[in-house]
Each structure stands twice: as structure tokens, then as C-alpha cells.
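Just below is one structure, and these are the notes that go with it.
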Amino acid sequence: MLQPDAPRVLVAPSLLAADFSRLREEAQAVEAAGADWLHLDIMDGHFVPNISFGPLVLRALRAQVRLPFDVHLMIAPADPFIEAFAEAGADHICVHAEAGPHLHRSLQLVRSLGRLAGVAINPATPVAAVAEVLDLVSLINVMTVNPGFGGQQFLSGQLAKIAALRRMIDASGHRIALEVDGGINAQTARQAIEAGADTLVAGTSVFGATDYAAAITALRPAAS
Ligand code: DX5
Ligand code: ZN
């Protein structure tokens, strides 16, 4: 059961599942449909086995949409590109803990550019990977699929990890969004929220729907 004082659950539609020939219209449509953030998946064909888009696409969309840009970097190395994404209009820049040996430095770099820093962890990565950077991050992204593609099935084995991170964040006293990413639909959203997530990335379940507003509403708990 959602507690009465629980924070509002945020929904971040992932543009990866949008019609790429109509990116502006798609981004504006989820904004009008009540999305909280726009999630932008950056893939390099190296850290993950797929290629998506880069800072030029962000820049083109930035003037068209007011939603905060939640940028998920699935690239290695990340550091050489962080400034370009910041300049292109990213509000949050999330780097993978597995993307290099210097996560702390990457997060410092994001913060030095005035952007909110996030860290993402793959399904096989334990919570300990983020324990020493809680003071630097505003966001932790728990991948509930292996990153690289939309439309995959939610890995329910990650629920225990979400719960462990919830405890870790609460004990830290830091204000950190706990985001889940991959395979989120109305059912898995509920499970993730019950485990302690407060931010939902959803690609297929939003952009694959005919009514985006209904799809976004269906992800939020009724009381949210
Ligand atoms: C996967 C991406 C996700 C993806 C989610 O690598 O990080 O953000 O777009 O897509 P769905 O919601 O379709 O699983
Ligand atoms: Zn993502």
C-alpha cells in the first residue's frame, strides 16, 4: 500500500520508443499528456549493442519541449561527451557505474556543469556500486532490463535491489530519486513502487499506446 505521505511518483517516457520521424510531435505529445520528465537514451554501439542518437537531437528538441531532459548515457567512455550533452540541454545526466573506472570523477564533472548527476546500474551490478557516491547523485537508475533496447521484459529479480536501495537512500538522508528503467507497464510499475521506486521510465507502454495520457495515468498509483 502506498503511504499517504509518499512522494508523488514521477513518469519519464523514454523517447526511444517514439516514432523517430516525428520526434518533436512525440515529445510534445507526452508533455501534454502529463509526463514529468522526458527520458533520452543515448547508446554508442559499444557499451550497449545498439546506437540511438546524440546531442544534436537533444539540442533540436530542447527549444520545442519544456519537460526536464533526463539523459541516460549508455556510452563508454562517458566523460568526453558529458559537456556536449549539458550544452545541448540535458537537465539530468546519468552515467553507468560500469562505464569506466572513475564514476566519482564523471559525477563531479556533471555537477561542475550545473546539471543534476545520476548513476545507472545494470542488472548484474550490486547496490554497493553506488554506496560511496550518494552525496553526489540526485538520481539512481536501476536497470530492470539489460540496457540497449526497448520492449524487453521486466526483470523481477531487481525488486530486491530496488528495496535495498530505498533503504540505503533513506538512511543516507540525501534526496535522491530512485528510478526504474525497462519493462515498465501498469503491473511492473506497481511492483517497483511497492519496492521503493519513485520514478518510472516507460518507453513501449507509453509510446506504444494510442492514448498517452491514459498510459501515463495507468502507471501512477491511484493515490499519486
Ligand atoms: C533501455 C533503455 C530504456 C528503454 C525502456 O536500454 O534504457 O530507457 O527505452 O524501454 P521500455 O519501457 O520499452 O522497456
Ligand atoms: Zn533509459
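Here residue 212 clears all of (1) away from ligand 2 (no atom under 16 Å from the Cβ); (2) open to solvent by 50 Å² or more (accessible area, probe 1.4 Å); (3) among the hydroxyl-bearing types (Ser, Thr, Tyr) except the condition numbered (2). Scanning the stretch 166-189 for residues that are of a type outside the set (S, T, N, Q), under 22 Å from residue 30 (Cβ atoms) and either surrounded by 15 or more Cβ atoms within 10 Å (Cβ to Cβ) or touching a Phe, Trp or Tyr at 6+ places or on another chain (Cβ under 7 Å) (or both) turns up 177, 178, 179, 180, 181, 182, 183, 184, 189. The set of residues from the stretch 193-224 being part of a helix (DSSP H, G or I) and within 12 Å of ligand 1 (Cβ to nearest atom) comprises 204, 205, 206, 207, 215, 219.
The residue that is farthest from residue 120 (Cα to Cα), among those in the stretch 85-95 that are open to solvent by less than 40 Å² (accessible area, probe 1.4 Å) and not in a loop (DSSP other than H, G, I, E, B), is 88.
Note on the stretch 96-115: residues that are within 16 Å of ligand 1 (Cβ to nearest atom) and either open to solvent by 50 Å² or more (accessible area, probe 1.4 Å) or at positive phi (or both) amount to 1.
Please enumerate the residues belonging to the stretch 168-180 that are within 16 Å of ligand 2 (Cβ to nearest atom) and touching a Gly at 6+ places or on another chain (Cβ under 9 Å). Walk me through how you get there before you give the answer.
As a first pass, look at the stretch 168-180 and keep what is within 16 Å of ligand 2 (Cβ to nearest atom): 177-180.
Within the stretch 168-180, 177, 178, 179 qualify.
The lone criterion from (1) crowded, with 17+ Cβ neighbours inside 10 Å; (2) under 28 Å from residue 128 (Cα atoms) left unmet by residue 27 is number (2).
Contact map, the stretch 65-76: residues that are outside any strand (DSSP E or B) and polar (S, T, N, Q) paired with residues that are within 9 Å of ligand 2 (Cβ to nearest atom) and open to solvent by less than 10 Å² (accessible area, probe 1.4 Å), Cβ distance under 6 Å, separation 6+ or inter-chain. No pairs are found. Being away from ligand 1 (no atom under 14 Å from the Cβ), modelled with pLDDT of 95 or more and open to solvent by 50 Å² or more (accessible area, probe 1.4 Å) is a property that holds for residue 59.
Restricting attention to the stretch 33-56, which residues are in contact with a helix residue (DSSP H, G or I) (Cβ under 8 Å, 6 or more places away or on another chain) and either part of a helix (DSSP H, G or I) or among the charged types (D, E, K, R) (or both)? Once the filter is applied, which keeps residues that are in contact with a helix residue (DSSP H, G or I) (Cβ under 8 Å, 6 or more places away or on another chain) and either part of a helix (DSSP H, G or I) or among the charged types (D, E, K, R) (or both), the stretch 33-56 yields 41, 55, 56.
Annotation: residue 55 fulfils all but one of (1) within 18 Å of residue 106 (Cα to Cα); (2) touching a strand residue (DSSP E or B) at 6+ places or on another chain (Cβ under 6 Å); (3) more than 15 Å from ligand 2 (Cβ to nearest atom); the unmet one is (2).
Looking across the stretch 63-74 at every residue that is touching a strand residue (DSSP E or B) at 6+ places or on another chain (Cβ under 7 Å) and open to solvent by 10 Å² or more (accessible area, probe 1.4 Å), the one that is farthest from residue 22 (Cα to Cα) is identified as 68.
Which residues, counting only those in the stretch 135-155, are small (Gly, Ala, Ser) and surrounded by 15 or more Cβ atoms within 10 Å (Cβ to Cβ)? So that I can check it myself, show each step before the final result.
Narrowing the stretch 135-155 to residues small (Gly, Ala, Ser): 138, 148, 150-151.
Across the stretch 135-155, the qualifying residues are 138, 148, 150.
Within the stretch 105-121, the set of residues being in contact with a helix residue (DSSP H, G or I) (Cβ under 6 Å, 6 or more places away or on another chain) and not hydrophobic (A, V, I, L, M, F, W, C) comprises 106, 115.
The values are calculated or read from the model by the stated rules, or taken from the named source; none is laboratory data. Note that the structure is a prediction, hence the values are computed from the model and not measured. Note that we place each Cβ from the backbone using ideal geometry, even for glycine, and neighbour counts take in every protein chain shown. In case anyone asks, the SASA skips ligands and DNA or RNA and just uses the protein heavy atoms, side chains included. Shrake-Rupley method; radii C 1.70, N 1.55, O 1.52, S 1.80 Å.
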